[in-house]
Amino acid sequence: MAQIIVEGLSKFFQVAERRPGLWGAVSGLLRRDHRSVAALQDVSFEINAGELVGYIGPNGAGKSTTIKILSGILVPTAGRCEVRGRVPWLERHQHVADIGVVFGQRSQLWWDLPVMESFDLLRDIYRVPASEYRDTRDQLIAEMSIEPLLATPVRQLSLGQRMRCDLVASLLHCPSILFLDEPTIGLDAVSRLALRHFIRRINRERGTTIILTTHDMDDIEALCERVIVIGRGTILSDGPLAGLREQLDPERRMKVELVNDERFDVEHARVISREGTMLQLSFDPRRITTPELIRRISESHEVRDLLVEYPPIEELIAKLYADSADSKPAVIEPSA
Amino acid sequence: MSSTYFSAYVAVISARYRGLLQYRAAAFAGFVTQLFWGCIKIMIMFAFFAASDEPQPMSIVEVVSYIWLGQAMLGMLPWSIDKDIEAMIRSGDVSYELVRPLDLYTFWFCRTIALRTATTTLRAIPMVIFAMIGLPLVGAVDWALLPPADLITFLAFVISLGCALMLACAFTMLMHVVLVWTISGEGLNRFIPAIVNVFSGMIVPLPLFPDWMQGFLEWQPFRGLVDVPFRIYTGNIPLGSAAPDVALQLLWAAVFIWLGRRMLTGSMRRMVVQGG
């Protein structure tokens with residue numbers, strides 16, 4: 001049975017509009033035009049216990065709105081939403097006791113208190129029994145290696161340090177579902193890696209269901225088996241990352257460095273770009289296998305170096321967004 | 001409702017209290033300022049009382065004690081808002097407050113209790129020591145804060161002061177709730193302190209206002225913040241007739257809490273968390 005069920009979820013916001021210019025400002029005092037903006041339109045998906053799902057989309061696509069509805073902060077305009085059998089905004093207290101939330105751009109730690117006191121405060125807020133709390137806390141602190149930070153007031157932490165503490169804070173009450181809204185935003189490479197490692201571990205070892213929104217495609221590639229893509233409030237794609245690749249852009253990339261600066265012409269290999277002896281090729285593995293292409297290239301050219309890779313996932317997503325920008329959204333069936 | 005139900009809220013009060021206690025420099029500056037103003041107010045009152053032969057509704061001795069209490073308890077007045085709550089509402093961090101298994105109004109009320117008491121304790125204790133013990137030591141007996149007449153008067157004062165705290169927090173919460181609508185606290189911060197200061201009796205003790213205003217002054221809510229507890233302390237309100245005044249404090253606190261809750265529920269229903 002699915003842990004999270006979302007069915008036909010829609011959310012409209014009323015936005016007050018003002019005509020430009022001075023006259024607009026004056027008339028806006030008397031009468032305001034309200035426009036209804038759809039943040040979500042007929043969104044449906046199901047997530048099972050223990051899944052680690054990437055939820056991606058451009059700015060303003062409706063990612064955060066979905067997370068806020070799922071965590072009981074916002075009430076949707078229409079549709080059904082159940083998390084572990086509860087409607088988040090109706091049974092808010094019981095619901096939020098069972099979820100953890102991290103908003104990457106905000107902090108849940110108390111600004112002027114040392115980290116440890118924020119943790120203790122969360123223990124009291126979530127009413128976690130003392131011995132249980134000690135075990136969880138010590139384990140999380142060790143896994144995230146934040147021991148040296150515990151006595152520091154939060155305002156003195158760096159962004160990366162703070163985010164590590166924030167992540168620990170969201171798990172102190174052992175929630176069965178964790179919502180991570182852009183947790184890696186603004187972090188340096190080392191912090192990102194540490195965070196990813198930790199997220200994967202929480203998912204595997206504790207079986208916590210995790211929904212991760214991010215703009216960082218490396219996060220998705222490293223963590224998520226399943227990716228839901230949202231654009232302009234509707235779901236564009238839902239399925240494994242590999243399936244998304246196959247449907248959108250089955251092509252592979254090959255970087256070739258030639259010994260001589262010479263004319264390059266090999267069948268089935270398209271030159272995307274060239275800088276002297278460095279070539280970027282694109283080919284369709286359904287037409288020509290990778291070994292066969294390599295054989296042909298080495299037959300006709302002297303090759304110094306060669307590298308086969310997937311097209312970067314950013315390009316896939318960009319393609320998906322571009323498709324959705326056409327009048328009718330290209331809804332891609334989830335692949336099995 | 002078990003004890004664990006309350007322990008969460010008690011923990012919030014204590015955490016916020018500890019956080020606010022850190023600001024020692026601000027407390028010291030506040031203490032010096034209040035001391036300065038206290039002296040000026042007392043000089044003005046001495047001048048007033050010297051200029052009039054008519055019997056006044058308060059004796060000068062009562063007025064002096066009243067002024068010192070006011071200087072000590074100034075931080076308890078609802079003249080400011082919780083900067084953290086304002087920042088949270090402005091930045092959208094308020095999202096985090098909503099994913100806690102707590103009642104938001106009570107949660108913030110607890111934060112407010114800490115706000116109103118932490119700064120006050122830091123300033124009140126040195127102020128009372130100075131005015132009650134320090135001034136007589138240097139010979140300024142006329143200027144000193146006198147202890148209450150007896151223990152029962154003191155207990156009545158403590159009860160009334162507790163009610164004043166509830167009233168102050170309930171009113172501060174109203175300001176916080178309005179903040180959810182207006183996002184910025186600038187307007188409130190300029191407007192509210194003026195009203196609170198005058199009508200609570202902080203600037204001039206309410207009995208010294210003209211007679212024609214007394215009917216209104218007696219019933220308005222801000223009287224419960226300063227006038228009631230301080231006049232109980234000085235004995236200007238005799239113990240026998242203090243009960244209705246304390247009841248009035250509680251009544252207004254209840255009205256503000258009811259109103260704040262209703263407004264908060266309403267605004268949460270139509271809330272759009274900024275940046276979402």
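Mind checking which residues of the range A:137-157 are assigned to a helix (DSSP H, G or I) and polar (S, T, N, Q)? A:139, A:156, listed by residue number. The set of residues in the range B:208-226 that are in contact with a Gly (Cβ under 9 Å, 6 or more places away or on another chain) and surrounded by 19 or more Cβ atoms within 10 Å (Cβ to Cβ) comprises B:222, B:223, B:225, B:226.
Yes or no, residue by residue, for (1) in contact (Cβ under 8 Å) with a residue 24 or more places away in the chain; (2) surrounded by 21 or more Cβ atoms within 10 Å (Cβ to Cβ):
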| site | (1), (2) |
| --- | --- |
| B:38 | yes, yes |
| B:45 | no, no |
| B:62 | yes, no |
| B:70 | yes, yes |
| B:83 | no, no |
| B:120 | yes, yes |
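Residue A:101 meets the conditions (1) closer than 21 Å to residue B:9 by Cα; (2) assigned to a loop (DSSP other than H, G, I, E, B); (3) in contact (Cβ under 8 Å) with a residue 24 or more places away in the chain; (4) facing another protein chain (nearest Cβ under 8 Å) in every case but one. The failed one is (2). As for the range B:147-167, it holds no residue that is closer than 30 Å to residue A:88 by Cα and acidic (Asp, Glu).
Looking at the structure I just gave you, is residue A:180 more than 12 Å from chain B (Cβ to nearest Cβ), surrounded by fewer than 21 Cβ atoms within 10 Å (Cβ to Cβ) and either under 25 Å from residue A:68 (Cβ atoms) or in contact with a strand residue (DSSP E or B) (Cβ under 7 Å, 6 or more places away or on another chain) (or both)? When the stated conditions are applied, residue A:180 does not pass them.
Please verify whether residue A:262 is loosely packed, with under 13 Cβ neighbours inside 10 Å, out of contact with any Asp or Glu (no Cβ under 6 Å at 6 or more places or on another chain), more than 24 Å from residue A:225 (Cα to Cα) and modelled with pLDDT of 85 or more, treating the condition exactly as stated. Considered against the rule, which asks whether it is loosely packed, with under 13 Cβ neighbours inside 10 Å, out of contact with any Asp or Glu (no Cβ under 6 Å at 6 or more places or on another chain), more than 24 Å from residue A:225 (Cα to Cα) and modelled with pLDDT of 85 or more, residue A:262 comes out as no. When you look at residue A:42, is it loosely packed, with under 12 Cβ neighbours inside 10 Å and of a type in the set (Asp, Glu), yes or no? The answer is no for residue A:42.
So that you can scan it fast, the table gives a plain yes or no per residue for (1) in contact with a Ser or Thr (Cβ under 7 Å, 6 or more places away or on another chain); (2) in the same structural domain as residue A:221 (by TED's automatic domain parsing); (3) buried (at least 20 other Cβ atoms within 10 Å of the Cβ); (4) farther than 30 Å from residue A:85 by Cβ:
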| site | (1), (2), (3), (4) |
| --- | --- |
| A:136 | no, yes, no, no |
| A:140 | no, yes, yes, no |
| A:160 | yes, yes, no, yes |
| A:166 | yes, yes, yes, no |
| A:185 | no, yes, no, yes |
| A:188 | no, yes, no, yes |
| A:204 | no, yes, no, no |
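Inside the range B:130-150, residues that are part of a helix (DSSP H, G or I) and either among the charged types (D, E, K, R) or closer than 20 Å to residue B:232 by Cα (or both) make up a count of 4.
Screening B:196, B:255 for residues that are more than 14 Å from the chain's Cα centre (by Cα), in a helix (DSSP H, G or I) and either buried (at least 20 other Cβ atoms within 10 Å of the Cβ) or of a type outside the set (S, T, N, Q) (or both) leaves exactly one candidate, B:255. Going by what's in this entry, would residue A:53 be described as within 9 Å of another protein chain (Cβ to nearest Cβ), in a strand (DSSP E or B) and among the β-branched types (Val, Ile, Thr)? No; evaluated as a whole, the condition is false for this residue.
Filtered by the rule that a residue be charged (D, E, K, R), modelled with pLDDT under 85 and more than 25 Å from the chain's Cα centre (by Cα), the range A:286-328 gives a lone residue, A:286.
Residues in the range A:137-155 that are under 21 Å from residue A:183 (Cβ atoms) and of a type in the set (A, V, I, L, M) were compared, and the one that is nearest to the other protein chains (Cβ to nearest Cβ) is A:154.
Taking the conditions (1) closer than 14 Å to residue B:264 by Cβ; (2) aliphatic (A, V, I, L, M); (3) within 11 Å of chain A (Cβ to nearest Cβ) in turn, residue B:89 satisfies each one other than (3).
Among the residues of the range A:213-240, those identified as over 15 Å from residue A:66 (Cβ atoms) and either acidic (Asp, Glu) or surrounded by fewer than 18 Cβ atoms within 10 Å (Cβ to Cβ) (or both) are A:215, A:216, A:218, A:219, A:221, A:222, A:225, A:240.
Restricting attention to the range B:48-86 and to residues that are assigned to a loop (DSSP other than H, G, I, E, B) and within 30 Å of residue A:172 (Cβ to Cβ), the residue that is nearest to the other protein chains (Cβ to nearest Cβ) turns out to be B:82. From the list A:164, A:134, A:123, A:200, the one residue that fits, being more than 26 Å from the chain's Cα centre (by Cα) and more than 14 Å from chain B (Cβ to nearest Cβ), is A:134.
Taking the range B:224-238 as the range and being in contact with a helix residue (DSSP H, G or I) (Cβ under 6 Å, 6 or more places away or on another chain) and part of a helix (DSSP H, G or I) as the test, the residues that pass are B:224, B:227, B:228, B:229, B:230, B:232, B:233, B:234. When the test is whether a residue is part of a helix (DSSP H, G or I), away from chain A (no Cβ under 14 Å) and either surrounded by 20 or more Cβ atoms within 10 Å (Cβ to Cβ) or touching a residue at least 12 places away in the same chain (Cβ under 8 Å) (or both), residue B:106 does not pass it. Looking at the structure I just gave you, is residue A:44 at pLDDT 90 or above and either closer than 26 Å to residue A:200 by Cα or at the interface with chain B (Cβ under 10 Å from one of its Cβ atoms) (or both)? Yes: the conditions hold for residue A:44. Comparison of B:194, B:156, B:140 shows that the only residue that is in contact with a helix residue (DSSP H, G or I) (Cβ under 8 Å, 6 or more places away or on another chain) and not aromatic (Phe, Trp, Tyr) is B:156.
Tallying residues that are β-branched (Val, Ile, Thr), without any contact (Cβ under 8 Å) to a residue 60 or more places away in the chain and away from chain B (no Cβ under 12 Å) within the range A:56-95 yields 1.
Okay, residues lined up against (1) among the charged types (D, E, K, R); (2) surrounded by fewer than 23 Cβ atoms within 10 Å (Cβ to Cβ); (3) over 16 Å from residue B:160 (Cα atoms); (4) touching a Phe, Trp or Tyr at 6+ places or on another chain (Cβ under 6 Å):
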{"residue": "B:231", "(1), (2), (3), (4)": "yes, no, no, no"}
{"residue": "B:241", "(1), (2), (3), (4)": "no, yes, no, no"}
{"residue": "B:244", "(1), (2), (3), (4)": "no, yes, no, no"}
{"residue": "B:247", "(1), (2), (3), (4)": "no, yes, no, no"}
{"residue": "B:261", "(1), (2), (3), (4)": "yes, yes, yes, yes"}
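The values are calculated or read from the model by the stated rules, or taken from the named source; none is laboratory data. What you see is a predicted model, and the numbers here were worked out from it, not measured in a lab. With ideal geometry, Cβ positions are generated from the backbone for all residues, glycine too; neighbour counts draw on all protein chains shown.
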